[in-house]
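Report on one structure; see the data block that follows.
The values are calculated or read from the model by the stated rules, or taken from the named source; none is laboratory data. Just so you know, these numbers come straight off a predicted model, no measurement behind them. Every residue, glycine as well, gets a Cβ built from its backbone with ideal geometry; the counts of neighbours run over all protein chains shown. Quick note on the areas: whole protein, heavy atoms, side chains included, nothing else; ligands and nucleic acids left out. Shrake-Rupley method; radii C 1.70, N 1.55, O 1.52, S 1.80 Å.
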Amino acid sequence: MSDAYLALEDGRVVEARGRVSGRTRGELVFTTAYTGYEESLTDPSYEEQVLTFSYPLIGNYGVREERFESDRVHPRAAIAREFTEDVVEWLDVEGIPAIDHLDTRELVTSIREEGAMKCGIAVGPGATPEDAKAELADCKGMSEHTDIGAQVSVDDPVVYEGGSDATVALIDCGAKGSITDSLLERGATVHVLPYDATPADVAAVDPDILFISNGPGDPENFEAAEALVDEYVGDLPVAGICLGQQVVANALGGSTEKMSFGHRGVNQPVRDLESDRVVMTTQNHGYTVGDPGDRLNVTQVNVNDGTAEGLENETLGVLTRQYHPEAHPGPNDSLDFFDDVLDLVSTDTPVATSD
Ligand SMILES: NC(=O)CC[C@H](N)C(=O)O
């Protein structure tokens with residue numbers, strides 16, 4: 001046990017039990033997922049954030065690498081009511097500060113009422129509230145991380161040979177491994193390209209589809225990916241997940257906005273407007289498509305707050321989801337998204353437009 005302090009943007013400093021020492025800062029968010037801590041902690045979308053688990057006991061079924069979504073832990077720090085030794089050992093090896101034995105119910109309620117907020121953390125022998133406040137003072141807002149893509153993307157293209165049903169150019173803005181796996185399982189070959197890939201880089205892999213991945217931070221900071229959508233829409237089908245949906249909307253004349261505390265959990269209800277069916281989905285986002293623009297139809301909405309969960313342009317062959325159909329963690333109810341995406345390749349869409 002060591003000294004641990006969490007300084008919040010609302011001026012409070014919360015005392016906790018230190019599990020992994022260090023000093024850090026980030027945007028304080030929470031997830032309500034009750035399983036899937038390995039997947040969440042390795043989800044690149046959490047880069048530059050401090051992740052609070054609302055479920056009280058984290059680590060009760062161990063830590064297994066095959067459940068990781070990337071090769072490292074992405075949140076800058078982790079908070080729970082109680083972490084098991086397994087998780088503490090893992091976070092220690094990864095150098096990720098961790099604290100527990102604090103009132104996470106109260107913390108989550110504060111985030112719900114005041115919105116996601118900046119925080120500073122100081123953990124270790126001799127750590128003081130002032131140390132945590134100093135970290136907080138240095139904390140940037142998410143939108144200020146203008147080159148966050150570089151922190152999470154591959155540096156060079158990587159190819160995963162799956163099959164010959166389709167060649168996918170997956171723009172890695174911080175992609176979860178399960179997206180690639182879901183495409184490979186369906187007979188596609190996946191070329192993972194850096195977040196700042198150029199149209200020439202995409203052309204070099206001669207894809208059947210352009211797919212923009214999930215990723216951290218403000219979608220407006222992913223201008224290169226936006227430019228790719230602008231370049232290829234109408235010539236290739238375009239798909240996107242989470243940040244991918246946001247980038248596609250921004251590229252096609254829509255706009256995104258920051259939410260108060262976002263959606264993070266594995267039981268977010270989504271209504272499909274055509275079938276009127278509701279599915280439970282996995283979500284992890286703090287921005288949303290506020291205006292889809294004139295070229296995209298909203299096909300699915302969040303039952304809780306009405307935000308856009310699915311966008312489509314059938315003529316152009318554009319299909320996106322704000323939630324995570326690949327699950328990991330969470331329900332598998334939306335895996336058919338990947339079938340629908342690959343169907344865009346086998347049908348004759350898109351029809352090239354005059355521009
Ligand atoms: N999971 C994601 O792709 C997150 C998207 C974006 N960074 C957001 O917070 O809204």
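List of remarks:
- Check on Glu161, touching a strand residue (DSSP E or B) at 6+ places or on another chain (Cβ under 8 Å), touching a residue at least 12 places away in the same chain (Cβ under 8 Å), open to solvent by 40 Å² or more (accessible area, probe 1.4 Å) and within 14 Å of the ligand (Cβ to nearest atom): no
- Exclusive hit being within 16 Å of the ligand (Cβ to nearest atom) and of a type in the set (Val, Ile, Thr), set Thr146, Thr84: Thr146
- Phe30 vs. criteria touching a strand residue (DSSP E or B) at 6+ places or on another chain (Cβ under 7 Å), away from the ligand (no atom under 16 Å from the Cβ) and aromatic (Phe, Trp, Tyr): no
- Of all residues in segment 201-222 being more than 17 Å from the chain's Cα centre (by Cα), of a type outside the set (Val, Ile, Thr) and under 30 Å from Met142 (Cα atoms), the one that is nearest to the ligand (Cβ to nearest atom): Leu210
- Residue count for segment 164-188, restricted to those that are among the aliphatic types (A, V, I, L, M) and either away from the ligand (no atom under 16 Å from the Cβ) or over 22 Å from the mean Cα position of the chain (by Cα) (or both): 6.
- Qualifying residue in segment 222-242 (condition: part of a loop (DSSP other than H, G, I, E, B) and of a type in the set (D, E, K, R)): yes
- Number of positions in segment 1-42 that are in a loop (DSSP other than H, G, I, E, B) and open to solvent by less than 10 Å² (accessible area, probe 1.4 Å): 3
- Total residues in segment 109-140, condition open to solvent by 20 Å² or more (accessible area, probe 1.4 Å) and on the phi < 0 side of the Ramachandran plot: 18
- Residue check: Ala224 meets all listed conditions (1) closer than 17 Å to Leu311 by Cβ; (2) touching a Ser or Thr at 6+ places or on another chain (Cβ under 9 Å) but one, namely (1).
- Hey, Asp86 in contact (Cβ under 8 Å) with a residue 60 or more places away in the chain and either surrounded by 21 or more Cβ atoms within 10 Å (Cβ to Cβ) or out of contact with any Pro (no Cβ under 7 Å at 6 or more places or on another chain) (or both) or not: no
- Every residue from segment 182-202 that is open to solvent by 50 Å² or more (accessible area, probe 1.4 Å) and hydrophobic (A, V, I, L, M, F, W, C): Ala200
- Unique match (being surrounded by fewer than 19 Cβ atoms within 10 Å (Cβ to Cβ), touching a Pro at 6+ places or on another chain (Cβ under 8 Å) and modelled with pLDDT of 95 or more) among Leu273, Leu335, Leu319: Leu335
- Residue pairs meeting the criteria (Cβ under 9 Å; at least 6 apart or on separate chains; first more than 23 Å from Arg321 (Cβ to Cβ), in segment 188-212; second open to solvent by less than 10 Å² (accessible area, probe 1.4 Å) and part of a loop (DSSP other than H, G, I, E, B)): Asp196/Phe222
- Flag for Ser40 being polar (S, T, N, Q), more than 22 Å from Ala150 (Cβ to Cβ) and in contact with a Pro (Cβ under 8 Å, 6 or more places away or on another chain): yes
- Residue ranges of helices (runs of 4 or more DSSP H) in segment 100-176 with at least 3 members over 30 Å from Leu193 (Cβ atoms): 104-114, 129-137
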